[in-house]
1. Please state the shape class of the range 19-103: rounded when a/c is under 1.5, otherwise prolate if a/b exceeds b/c and oblate if not, all from the C-alpha gyration tensor.
2. Where only protein heavy atoms count, and the probe is 1.4 Å, what is the accessible area per residue for the chain in Å²?
3. Considering the range 75-132, what Rg and Dmax in Å follow from its alpha-carbon atoms?
4. For the range 15-46, run through the trypsin sites (Lys or Arg not before Pro) and keep only the ones in DSSP coil with at most 13 other Cβ atoms within 10 Å of their Cβ.
5. In whole Hz, what ³J(HN,Hα) sequence does the range 103-116 give by Karplus (6.51, -1.76, 1.60; θ = phi - 60°), x for Gly and Pro?
6. When Lys and Arg each count +1 and Asp and Glu each count -1, what net charge do the other residues less than 9 Å away from LEU107, Cβ to Cβ, add up to?
7. Please report the net charge: other residues with Cβ closer than 12 Å to the Cβ of VAL40, K and R +1, D and E -1.
8. Would you mind working out the magnitude of the charge dipole of the chain relative to its Cα centre, with +1 at each Lys and Arg C-beta and -1 at each Asp and Glu C-beta, to the nearest 20 Debye?
Amino acid sequence: MSDRDDFLAWVRADLYEAERALHNGDPAPRRALWSRNEPVSVLGAWRNATGQREIDQLFSSLGKSFSDCTSYMFELQAYDVLGDMAYTAGLEHTSVSVDGQPRTYTLRATQVYRREDGAWRVAHRHGDTVAE
């Protein structure tokens, strides 16, 4: 397999499962896929975070807000791998309860990844809502 094929398989398996878990109230799998090296950042649809402490707080807060995910689909629109860096851009279609209220929404999500000790880690995420 090529680096691109390996990366895409990771996105479709590990990253997908981590996002499903977060939307069911468990932030640990998402956090496990994020870099522990600086810089890390989120420009989020819910709120922004910079640095390890803020990332931890953000993911914990999201885990407490989300529950009962009935659908999560990542519609990958573009990706590439260049050495130990990669990115994805796509649409996240989600049906979940947020603070106990059922919601369905779509986010535009772009993420930047670094390969650290042979494993892909998320270093940056930008997400915003798509007007429907």
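1. Oblate, since a/c reaches 1.5 and b/c is not below a/b.
2. 52
3. Considering the range 75-132 through its Cα atoms, Rg and Dmax are 14.0, 42 Å.
4. Sites meeting the loop and neighbour criteria: ARG36.
5. Working through the residues one at a time gives 9, 10, 8, 10, 10, 7, 10, 10, 10, 10, 10, 10, 8, 10 Hz.
6. Within the 9 Å Cβ shell, the charges total -1.
7. Net charge in that neighbourhood comes out at +2.
8. So the dipole magnitude of the chain works out to roughly 300 debye.
The values are calculated or read from the model by the stated rules, or taken from the named source; none is laboratory data. Source: prediction; values computed, not measured. Note that each Cβ is placed from the backbone with ideal geometry, even for glycine, and that neighbours are counted across all protein chains shown. Surface areas here come from the heavy atoms of the whole protein model, side chains and all, with no ligands, DNA or RNA. Shrake-Rupley method; radii C 1.70, N 1.55, O 1.52, S 1.80 Å.
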